Amino acid sequence: MKKTLIQNELECKKCGDIIYSEYRHDFKYCKCGSVAVDGGMDYIRRIGNVIDTVDRSMHMDEDALADCKEAIRWTEDTDRNELGTVLAVIRALRQHGLLDMSKFKYDSKKTVMVKEIEGKIKELEAENTQLQETVALYQRLHNKLMHENPEKNGRYFICGKMGEEDSLGLPDIIMVCPTYGLDGFQLYKKDGNYSAPGW
Ligand SMILES: [Zn+2]
């Protein structure tokens, strides 16, 4: 690809001045007068102490430069504002691989963070479901214990059964004593067939 000069520039190491030549006969000295630039975009010419300089000139693919100019024309034709113009040129530079894309990655980092948070939320939801199942199991075991030792816990307990038993061995009627030490009981009658709720 053909390259073209787009910046004719140097830094004088003696005085730190940065100077560039804007057009063919734009001849400029640095602050200390040690070195000068000339030639604009046509040729790079240096006069004076060239050893104590850092060349800062830039060349660019002609196609890329043409696309940048085309981008500017498009923003003028479509009446874009300053931001629209800057972005159009940036897009043209990106298209030609002239941008360090790592310097433009702020938003995608945020996107990654959002994805990480979403993942964490799913993990916590799964953990929560597991904890709820554990609590339900604990409550079932707790109830079982509470009713297995009525003399110790003061809770109501099954003290007898009446009627026929079904295929699972469950009686038609059970007798429930309100608390240990009482002689009376309450009758509870089965109101339907056995069914298993989804624990
Ligand atoms: Zn100087």
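So here's what we get for this one:
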| quantity | calculated |
| --- | --- |
| Residues located in region 144-163, provided they are over 16 Å from residue 188 (Cβ atoms) and basic (Lys, Arg) | 144, 152 |
| Among the residues listed as 103, 69, 115, 110, the single one being surrounded by 11 or more Cβ atoms within 10 Å (Cβ to Cβ) and either outside the structural domain of residue 42 (by TED's automatic domain parsing) or assigned to a helix (DSSP H, G or I) (or both) | 69 |
| Pair list, Cβ under 7 Å, 6 or more apart: region 79-103 residue over 11 Å from residue 64 (Cβ atoms), other residue surrounded by 10 or more Cβ atoms within 10 Å (Cβ to Cβ) and basic (Lys, Arg) | 88/80 |
| Every pair of residues 6+ apart whose Cβ atoms lie under 7 Å, when the first sits in region 33-52 and is touching a residue at least 12 places away in the same chain (Cβ under 8 Å) and among the hydrophobic types (A, V, I, L, M, F, W, C) while the second is within 16 Å of the ligand (Cβ to nearest atom) and part of a loop (DSSP other than H, G, I, E, B) | 35/49; 35/50; 36/27; 37/21 |
| Any chance residue 41 is under 30 Å from residue 94 (Cβ atoms), in contact with a Leu (Cβ under 9 Å, 6 or more places away or on another chain) and either assigned to a strand (DSSP E or B) or more than 12 Å from the ligand (Cβ to nearest atom) (or both) | yes |
| Which listed residue is away from the ligand (no atom under 12 Å from the Cβ) and part of a loop (DSSP other than H, G, I, E, B), from 1, 60 | 1 |
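The values are calculated or read from the model by the stated rules, or taken from the named source; none is laboratory data. In this text, all values refer to a predicted model and were calculated from it rather than measured experimentally. No Cβ is skipped: glycine too gets one built from the backbone with ideal geometry, and neighbour counts run over all protein chains shown.
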